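**Q** Input: one structure, supplied below.
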Amino acid sequence: MRVALVVNPTSGKRKGNEIARRAAERLVQAGHDVTEVLSEGGSSALGALEKVLVEPIDIVVIVGGDGALHDVLPALIDRDITVAMVPAGTGNDVARQLGVGEPDRALEALAAGRVQTIDVIAVGDDRFVATVVASGFDSKVNERANAMRWPRGNMRYNRAILAELRSFKPLDFTITADGHVLERQAMLVAVANMPSFGGGLRIGEGACDDDGELDVIVIHPVSTLKLLRVFPMLYRGTHTKLPEFERIRAREVTWSSPGIVAYGDGERIGPLPLTARVVPGALRMIVGER
């Protein structure tokens, strides 16, 4: 089979190259014809992969995290191509959801060739998201963190959370889910295809990536003190038991809130309003034990 190996050398604290080398060795040993696609992320990754896909490709292996998949999704949607994740990023929520959360497990699953189709989220006319599109408190934290030059890594995100908590007020959202208009005041609104994003933030706990529906998650207003208690619950998925939690299932949703932007797969999507719809069975993915 012909394999395109998409590699971002800087992913996973620059471990991407080593993990890609191991993947390439396994693939060549298995008799596959491997073409390496180097990228630095963003539009360069999409353009590089599209050039390779001019020729027939059977499998696209992505060495990286959720952002690496996000960058090339437009080239993969509804194509006769199998996609495999070999986790080498910081989030890796897609890989964990597919049962290939460690590089060795991913390579074993690739060798076994077990395949499952999953849905994706189409946002607007040309953006696609595999995990979650989030807006509200989380996106404001991301905006703040991205504007900070110091510190680096998770500490910058934690500092942004503390800074945002000092000034954050519940936001007014208008949500149209399959034609039904809802007015909500909320801490955040997330549109989920998978349970987690952002390295294990399980905001969409209970979301299923092959049910042909989106889970619209609304967290209703809570005090600053309670938000401090609730935020760690998002990593365990236990927030779904709170009275402030609301889930709406829909195939298409439009939502708006003045001055708020949205992030999908950890990447900046843009300002609200946005319209998201489910694309059922859009990707054929290699999976492990789920």
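**Q** Going by C-beta contacts inside 10 Å, put 263, 235 in order with the fewest on the left.
**A** If I rank by nearby Cβ atoms, fewest first, I get 235, 263.
**Q** Lys and Arg at +1, Asp and Glu at -1: add these up for the other residues within a Cβ distance under 9 Å of residue 212 and post the number.
**A** After counting each charged neighbour, the total is -3.
**Q** Taking the Cβ of each residue in 85, 1 as the centre, tally the other Cβ atoms inside 10 Å and list the residues starting with the fewest.
**A** Lowest count first: 1, 85.
**Q** Let me ask something else about it. Which of the aspartates and glutamates could a cross-linker span from residue 51 if the Cα-Cα distance has to be under 17 Å and same-chain partners fewer than 8 positions apart are dropped?
**A** 33, 36, 40, 71, 80
**Q** Based on the alpha-carbon gyration tensor of segment 2-113 and its eigenvalue square roots a ≥ b ≥ c, which shape applies: rounded if a/c is under 1.5, prolate if not and a/b is larger than b/c, or oblate?
**A** Rounded, because the longest to shortest axis ratio a/c is under 1.5.
**Q** What is the sum of charges, Lys and Arg at +1 and Asp and Glu at -1, for the other residues whose Cβ falls under 11 Å from the Cβ of residue 4?
**A** -3
**Q** Which aspartates and glutamates does residue 169 reach when only Cα atoms under 18 Å apart count, and residues fewer than 8 places away in its own chain are ignored?
**A** Hits, sequence-local ones excluded: 138, 143, 183, 244.
**Q** Could you tally the net charge around residue 70, taking each other residue with its Cβ under 12 Å from the Cβ of residue 70, Lys/Arg +1 and Asp/Glu -1?
**A** -3
**Q** Still on this structure, I have one more. Among DSSP beta bridges lying fully in the chain, give the percent that are antiparallel, nearest 5.
**A** Approximately 70 percent, going by the DSSP bridge assignments.
**Q** Grab the DSSP H runs of the chain that are 4 residues or longer, score each as -39,500 (n - 2.57), total them, divide by all residues and round the 222 nm result to the nearest 500 deg cm²/dmol.
**A** Result for the chain: -9000 deg cm²/dmol, rounded to the nearest 500.
**Q** Sort largest first and round to whole Å: the equivalent ellipsoid semi-axes of the chain, each the square root of five times a Cα gyration tensor eigenvalue.
**A** Each semi-axis is √(5λ); the values are 33, 20, 17 Å.
**Q** Now a separate question. Rank these for me by crowding, 168, 197, going from fewest to most other beta carbons within 10 Å.
**A** In order of increasing Cβ crowding within 10 Å: 168, 197.
**Q** Considering all projection directions equally, how large on average is the shadow of the alpha-carbon convex hull of segment 129-280, in square nanometres?
**A** For segment 129-280, averaging the hull's shadow over all directions gives 8.2 nm².
**Q** Counting DSSP beta bridges in segment 44-140, what percent are antiparallel, to the nearest 5?
**A** 35
Each value in this text was obtained by applying a stated rule to the coordinates, not by laboratory testing. All values derive from a computational prediction rather than experimental measurement. Because the Cβ atoms are built from the backbone with ideal geometry, glycine has one as well, and the counts that use them run over all protein chains shown.
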